[in-house]
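The values are calculated or read from the model by the stated rules, or taken from the named source; none is laboratory data. Just so it is clear, the structure is predicted and the values come from calculations on it, not from any experiment. Quick reminder, even Gly has a Cβ in these numbers, built from the backbone with ideal geometry, and neighbours come from all protein chains shown. The protein model used for the area step is the full one, side chains on, heavy atoms only, and it has no ligands, DNA or RNA in it. Shrake-Rupley method; radii C 1.70, N 1.55, O 1.52, S 1.80 Å.
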Amino acid sequence: MQFSSRRKKFTTNSQTELYSHPLQFYGQPPLENISLTEFETFAVERLKLLKTIENLGVSYVKLSDQYIKKLEVESKALNFLYRPEADDRKPQSGPTEQEKRRKDHISHFILRLAYCQTEDLRRWFIQQEVDLFRYRFNDLDPKQKLELLHRNNLQYDTISVEEKKALHDKLVNSSYAVSGITVEDQDFYKVPFQDALDLVRSRKVYLKAGYVYIPHQDIVTIVLNDFRTRLSKALALTARSLPAVHSDERLQPLLNHLSHAYVGQDYSIQKNVGKISLEQIDSLSGKSFPLCMRQVHQSLRENHHLRHGGRMQYGLFLKGIGLSLEQALQFWRSEFIKGKVDSDKFDKAYAYSIRHMFGKEGKRTDYTPYSCMKVILSNAPSQGDHHGCPFRHSDPELLKQKLQVYKVSPSGIIQILELVKGMHYQLACQKYFELTHNVEEASFSLNHPNQYFIESQKVLGGGRDIKRETDVPQKPQENSTKGPSAAPEAAANTQDVAEMTEELDSFFQDA
Amino acid sequence: MPASDYDSACLPDILPLYYRRLFPFSQYYRWLNYGGVQKNYFQNREFSFTLKDDIYVRYQSFTTQNELEKEMQKMNPYKIDIGAIYSHRPNQHNTVKSGTFQALEKELVFDIDMTDYDDVRSCCSAAEICPKCWTLMTIAIRVLDRALRDDFGFQHLLWVYSGRRGVHCWVCDEAARKLSVAARSAVAEYLSLIKGGDDTMKKVVLSDPIHPFIRESLVVVERYFPLYALQDQDILGRKESVDKVLALTPEDVRKQLQQDFQNEKKPENRWKLLKDQAKRKQGTSKKGQHFEKEIMLQYCYPRLDVNVSKGVNHLLKSPFSVHPKTGRISVPIDLKELDTFDPFAVPTISMICEELDRPRTVEEEEKSEETNDKENEKDAAESRKIRDYKRTSLAKYVKCFDQFLDVMARSWKGELLKKSDLQKDF
């Protein structure tokens with residue numbers, strides 16, 4: 001199979017050179033021929049790895065012991081490098097270090113093709129790849145780290161002893177890992193703050209006149225920043241050459257499917273449109289809404305208003321459970337005009353954004369309901385907001401009171417709070433589901449508020465008026481893999497692809 | 001308050017006068033043209049007008065100061081917003097291929113709005129402000145101004161009163177205008193200490209050691225806290241507000257203080273008791289116990305609308321735009337007189353338009369004669385306009401704006417010199 005248009009004779013020499021270090025910045029694309037089967041396996045397995053990284057990032061503190069351990073297990077299971085060996089000629093069972101590095105290299109570039117197409121996909125891919133890189137970089141020994149920096153021409157200026165002395169106290173108070181004693185014999189690098197945004201954001205570094213002073217052990221941040229920038233640029237370039245790849249009908253369906261797998265199920269396709277009446281919402285919110293939606297619903301009813309963040313989170317959720325645009329407009333209007341907003345103002349200031357949500361204005365994007373990940377990680381609520389994830393964004397004390405009001409048993413509350421303390425917000429929500437629906441152990445793994453709703457309806461005997469779908473709506477792209485457009489000579493392959501994608505689906509449903 | 005003489009119904013009648021005779025177009029253009037260092041900088045800038053009945057017109061752009069002037073005098077916008085510098089002229093955004101029209105640069109902006117402090121001020125709520133809670137804005141400006149200058153190294157900060165209940169900051173340094181979205185959000189988060197919505201009671205949690213940035217911010221907050229929080233807001237006076245403060249302390253301390261407060265009614269002494277408890281705690285426990293600092297920050301630390309700062313294409317109300325509800329002009333704030341800045345003394349549009357109609361004093365008459373003699377080569381209408389604003393209470397705010405621009409112009413000069421040098425080389 002032709003991998004890129006720039007096919008050249010590759011020499012074993014350059015390959016050895018390329019794979020001589022366990023980590024790379026993926027500067028050179030692979031130039032060898034590989035079989036379609038290998039192409040598929042590599043891609044799917046890397047995607048599984050990235051998906052694992054995403055999930056771990058929510059449940060654990062990044063680079064905590066458990067995070068590292070779980071990621072190590074997964075890397076090993078999928079035959080990716082999990083612990084760079086100092087000597088890779090050491091006899092081992094399974095693939096050699098070289099093979100793993102090759103797989104790492106090739107699979108990364110396949111996913112680039114699949115994930116360069118939209119802003120959303122790029123952002124997701126970059127985030128997971130950066131986290132993977134962080135984990136792997138952290139795992140290198142100091143010598144290997146330095147070697148990696150040298151190979152990639154990353155050099156930073158250290159500050160002088162005098163400057164260090166003058167700033168001593170500030171440096172000590174800025175970095176957790178630096179104490180009075182270690183400052184002396186540690187190198188500090190002075191770089192523009194734009195190159196270490198993660199450290200600036202979390203205030204983990206001393207910042208003066210636009211420069212950050214980074215202790216040596218935090219250098220990973222600048223390296224990651226660099227990695228991120230390069231990858232981001234590379235993806236933009238890849239996107240431009242994509243039409244050439246898409247003309248290959250063996251690859252196109254596969255790539256499409258790969259790129260849509262990351263969101264898991266998609267709840268924007270409304271098979272239930274019009275199956276819910278506005279009168280039902282109050283009772284449904286008590287029975288079948290996850291806590292986050294129940295909470296925004298309640299505050300909407302109380303205040304007759306929701307700020308932007310709340311309107312987006314709740315509005316898209318409602319769209320996902322089957323409200324039509326007309327119903328949504330009616331729903332929001334009737335509530336808002338009970339408050340300070342009159343009907344005229346509503347039409348001017350709010351109706352637009354609701355139509356926008358349904359893809360009827362502006363860019364005409366049909367927005368998807370937010371997943372748990374999105375609710376937990378992005379746009380945290382601030383003053384006057386009621387959105388977000390109650391397990392993540394409420395004080396434990398308030399959460400406890402709320403759960404009491406909702407009649408969760410004291411022992412259940414303790415269990416939930418325990419999970420919250422361990423930062424397992426989705427598990428806490430799932431526990432809440434189990435307790436409020438009287439099920440021993442939920443048969444699904446919760447990652448979407450709309451999934452919560454659907455599962456709840458299943459358990460409750462399916463809300464008589466809501467047409468239930470045994471199958472959760474899937475992205476339509478799946479059909480294209482089996483579509484009649486597939487050329488006959490590619491038929492055999494297409495079937496493989498279909499099988500493979502089914503397997504992929506089942507994986508993400510379990511995930 | 002002096003703004004009470006403003007009636008929003010007469011806005012359509014006086015706006016034409018304001019835009020014809022008072023709006024400081026030449027300074028405005030001087031600002032947004034940034035010395036012409038970068039090509040098409042002014043031309044590709046988005047303006048957005050809000051017209052009567054909340055009609056919103058986005059993606060306006062102008063090639064020259066004259067065109068901007070003409071258009072504003074024709075449209076008489078109720079409100080003007082400034083957006084980003086785009087890859088193409090915003091008024092032609094429909095003619096370029098979708099996806100290629102992109103926001104490239106904008107000042108780094110901050111928006112601080114009094115409504116975000118509703119849980120910690122007892123004097124007013126929502127859009128209302130009073131001299132008591134205005135101190136919060138003073139604190140916000142002091143804290144952020146210091147950090148943006150000392151920590152981030154920015155120099156050209158324009159602070160502007162929004163006209164109603166808050167302040168805006170425009171960071172105009174070239175480096176700031178070029179920041180990516182990620183960098184903007186990192187700066188905003190670095191500056192944000194208050195975390196959580198209505199479902200979080202304790203919104204500030206400090207960890208040990210305390211970062212130098214927080215230390216410096218505390219210095220500012222501590223200066224205002226006794227007068228603002230203890231006296232003006234009386235947070236340790238009434239029972240409910242005392243309970244709210246005590247809810248932010250550790251449980252054992254809370255019990256002790258509840259007892260102590262029974263015999264001690266004076267807010268200053270109560271605060272002292274609380275601080276003593278904090279000191280004792282710090283002595284005993286190894287882990288940092290900073291609850292007295294956390295309380296001070298929760299009550300006084302600036303609350304940023306992070307989303308405004310993050311987006312490159314986010315619009316923000318322009319300086320010298322009118323606030324349609326209050327009629328006040330959005331004016332630059334002179335930091336040298338920050339502590340005496342009074343939002344209620346900011347001129348309203350009706351006020352300055354009336355001032356125009358006042359007969360000139362003899363002194364003014366003489367002065368203007370003088371200038372007329374000197375500059376009679378200049379366009380007569382132009383010089384009349386300059387004199388016009390000088391006769392109103394808008395004058396001192398335009399002067400403040402002028403000073404800001406003068407300082408910034410020095411940095412352009414350097415840039416322009418460098419450029420012309422380069423050209424000689426080739």
Yes/no for residue B:153 being more than 10 Å from chain A (Cβ to nearest Cβ), over 24 Å from residue A:392 (Cβ atoms) and of a type in the set (Gly, Ala, Ser): no
With criteria (1) within 11 Å of another protein chain (Cβ to nearest Cβ); (2) on the phi > 0 side of the Ramachandran plot, residue B:199 comes up short on (2)
Taking the range A:286-298, which residues are open to solvent by 10 Å² or more (accessible area, probe 1.4 Å) and either within 14 Å of chain B (Cβ to nearest Cβ) or touching a residue at least 12 places away in the same chain (Cβ under 8 Å) (or both)? A:287, A:292, A:294, A:295, A:298
From the options B:240, B:222, residue that is surrounded by fewer than 20 Cβ atoms within 10 Å (Cβ to Cβ), more than 8 Å from chain A (Cβ to nearest Cβ) and without any contact (Cβ under 8 Å) to a residue 12 or more places away in the chain: B:240
Members of the range A:219-235 that are among the hydroxyl-bearing types (Ser, Thr, Tyr) and more than 11 Å from every other protein chain (Cβ to nearest Cβ): A:221
Test residue B:332 against the criterion of being closer than 23 Å to residue B:191 by Cα, modelled with pLDDT of 95 or more and within 14 Å of chain A (Cβ to nearest Cβ), and give yes or no. no
Return the total of residues in the range A:340-388 being away from chain B (no Cβ under 13 Å) and among the aromatic types (Phe, Trp, Tyr). 3
Among the residues that make up the range A:406-415, is at least one of them closer than 29 Å to residue B:117 by Cα and either free of Cβ contacts under 8 Å to residues at least 12 places away in the same chain or hydrophobic (A, V, I, L, M, F, W, C) (or both)? no
If you check every pair at least six apart or on different chains, which have Cβ atoms under 6 Å apart with a residue in the range A:58-81 that is of a type outside the set (A, V, I, L, M) first and a residue that is open to solvent by 60 Å² or more (accessible area, probe 1.4 Å) second? A:60/A:66
Going through (1) assigned to a strand (DSSP E or B); (2) in contact with a helix residue (DSSP H, G or I) (Cβ under 8 Å, 6 or more places away or on another chain); (3) closer than 26 Å to residue B:62 by Cβ; (4) open to solvent by less than 10 Å² (accessible area, probe 1.4 Å) one by one, residue B:84 fails only at (2)
Filtering the range A:113-128 down to residues that are in contact with a Leu (Cβ under 6 Å, 6 or more places away or on another chain) and in a helix (DSSP H, G or I) yields A:113, A:114, A:115, A:122, A:126, A:128
Given A:146, A:224, which one is under 28 Å from residue A:68 (Cα atoms) and modelled with pLDDT under 85? A:146
Counting only residues in the range B:26-51 that are part of a loop (DSSP other than H, G, I, E, B) and within 18 Å of residue B:175 (Cβ to Cβ), the one most open to solvent (accessible area, probe 1.4 Å) is identified as B:38
Would a scan of the range A:180-189 turn up a residue that is closer than 25 Å to residue A:24 by Cβ and either open to solvent by 50 Å² or more (accessible area, probe 1.4 Å) or touching a His at 6+ places or on another chain (Cβ under 7 Å) (or both)? yes
Within the range B:163-177, can one find any residue that is at the interface with chain A (Cβ under 9 Å from one of its Cβ atoms) and of a type outside the set (A, V, I, L, M, F, W, C)? no
Can you name every residue in the range B:338-352 that is β-branched (Val, Ile, Thr), in a helix (DSSP H, G or I) and touching a residue at least 12 places away in the same chain (Cβ under 8 Å)? B:349, B:352
With respect to the numbered conditions (1) in contact (Cβ under 8 Å) with a residue 60 or more places away in the chain; (2) of a type in the set (A, V, I, L, M, F, W, C); (3) under 26 Å from residue B:406 (Cβ atoms), which one is the sole condition not fulfilled by residue B:17? (3)
Suppose the filter is surrounded by 15 or more Cβ atoms within 10 Å (Cβ to Cβ), modelled with pLDDT of 85 or more, among the β-branched types (Val, Ile, Thr) and more than 21 Å from residue A:139 (Cβ to Cβ); does residue A:41 pass it? yes
Could you tell me whether residue B:248 is within 14 Å of chain A (Cβ to nearest Cβ), of a type in the set (A, V, I, L, M) and open to solvent by less than 20 Å² (accessible area, probe 1.4 Å)? yes
Would you confirm whether or not the range A:442-450 contains a residue that is part of a loop (DSSP other than H, G, I, E, B) and within 14 Å of chain B (Cβ to nearest Cβ)? no
Just one of (1) β-branched (Val, Ile, Thr); (2) surrounded by 20 or more Cβ atoms within 10 Å (Cβ to Cβ); (3) more than 24 Å from residue B:116 (Cβ to Cβ) trips up residue A:375, so point out which. (3)
Quick one: count up the residues across the range B:52-66 that are modelled with pLDDT under 95 and surrounded by fewer than 12 Cβ atoms within 10 Å (Cβ to Cβ). 2
For the range A:157-218, list the helices (runs of 4 or more DSSP H) that sit wholly inside it and hold at least 1 residues that are within 7 Å of another protein chain (Cβ to nearest Cβ); which are they? A:168-174, A:197-201
Go through the range B:120-146 and give me each residue that's modelled with pLDDT under 95 and farther than 16 Å from residue B:305 by Cα. B:120, B:121, B:122, B:123, B:124, B:125, B:128, B:129, B:130, B:131, B:132, B:133
Could you list, in sequence order, all residues of the range A:378-419 that are open to solvent by less than 20 Å² (accessible area, probe 1.4 Å) and part of a helix (DSSP H, G or I)? A:390, A:391, A:399, A:403, A:412, A:413, A:416
If a residue has to be crowded, with 16+ Cβ neighbours inside 10 Å and not in a helix (DSSP H, G or I) to count, how many in the range A:308-366 make the cut? 6
Does residue B:125 satisfy the criteria of being within 14 Å of another protein chain (Cβ to nearest Cβ) and either within 22 Å of the chain's Cα centre (by Cα) or buried (at least 19 other Cβ atoms within 10 Å of the Cβ) (or both)? yes
